[in-house]
1. To test your reading of the geometry: what angle, between 0 and 90 degrees and rounded to tens, separates the Cα axis of helix 212-221 from the longest principal axis of the chain?
2. What nm value, rounded to one decimal, do you get for the distance between Arg41 and Lys143 when each label is placed 7 Å out toward the C-beta?
3. Give me the extension gain from Ser193 to Asp177: residue separation times 0.36 nm, minus the current Cα-Cα distance, reported in nm with one decimal.
4. Highest first, please rank the peptides 198-205, 187-194 by the mean number of other Cβ atoms sitting within 10 Å of their residues.
5. Got the relative contact order for the stretch 112-232 handy, in percent, Cα pairs under 8 Å and 6 or more residues apart?
6. Once the Cα atoms of the stretch 172-232 are picked out, what are the Rg and Dmax in Å?
7. Normalised by the number of residues in the stretch 38-80, what is the relative contact order in percent for Cα pairs under 8 Å and 6+ residues apart?
8. Find the centroid of the Cα atoms in the stretch 102-123 and in the stretch 148-202, then give the distance between the two in whole Å.
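The values are calculated or read from the model by the stated rules, or taken from the named source; none is laboratory data. Small disclaimer: the values here were computed from a predicted structure and weren't measured. Here the Cβ positions follow ideal geometry from the backbone for every residue, glycine too, while neighbour counts run over all protein chains shown. With ligands, DNA and RNA removed, areas are computed over all heavy atoms of the protein, side chains included. Shrake-Rupley method; radii C 1.70, N 1.55, O 1.52, S 1.80 Å.
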Amino acid sequence: AASLVARAAGAASLPTRPPAPHARPSAPTRASAWIARLVARTPAWDQPAARGEPHMLGPVGRWTGGPVGLLVLQTRGAWLRVLLPDRPNGHDAWVKRARVRLVRTRWRVEIRLAARTLTLLRDGRPRRTFKAVVGAPGTPTPKGRFAIYETARQPDPHGFLGPFALHLTAHSDVLDDYGGGPGRVAIHGRSGSSLADPLGSARSHGCVRVDNVAVRILARTLTSGVPVSVSS
């Protein structure tokens with residue numbers, strides 16, 4: 001995308017499944033994942049121990065002001081290892097379980113760059129597959145394990161990004177900034193000049209573009225913290 005950071009006029013959100021009593025959060029699988037919802041400023045450490053100066057994580061999104069959920073990668077006693085929305089890609093930290101609200105999600109997104117497709121899964125089973133525009137060879141979409149960070153309703157649904165941009169925890173590996181943002185990758189719609197790049201092509205600055213019907217489905221279905229995998 002040429003721009004990722006049109007400020008939100010609002011964000012879609014659906015409730016996710018609350019955990020069963022005494023449930024033990026586990027690492028993400030294709031069928032299920034756990035999300036740590038931040039309810040206040042939360043300290044996070046590089047190790048599962050409260051030693052040294054913690055990173056402070058904010059409970060609201062940087063662009064939308066909506067709630068932040070972090071994908072849980074691992075559990076160790078009273079600690080959770082979570083995926084952070086900051087550089088470098090894959091950056092994680094440990095938070096105390098008692099400081100967050102845990103929810104479980106059965107949704108997942110899988111993006112395949114060679115096929116140039118985005119698949120929405122529930123319970124590990126594909127529900128919808130959409131053709132996509134992915135990063136050009138010089139500005140590739142980064143590969144790896146990511147998550148939804150924010151869902152931003154665009155002020156102009158007929159602008160370049162379409163009606164919604166789902167910001168990811170992913171950042172471009174080759175661009176430090178575009179559109180005023182920190183090189184953050186998003187899944188977004190297509191309107192205006194972005195329609196010049198056909199679905200199934202590799203022509204973006206690293207974002208994943210889908211048609212506007214698809215991005216509306218994603219925006220009303222997915223919440224912050226839902227896992228997103230990008231592979232070849």
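1. Relative to the chain, helix 212-221 is tipped by roughly 10 degrees.
2. In this crude spin-label approximation the distance works out to 4.0 nm.
3. 3.7 nm
4. 187-194, 198-205
5. 35
6. 12.5, 31
7. Relative contact order here is 35 percent.
8. 18
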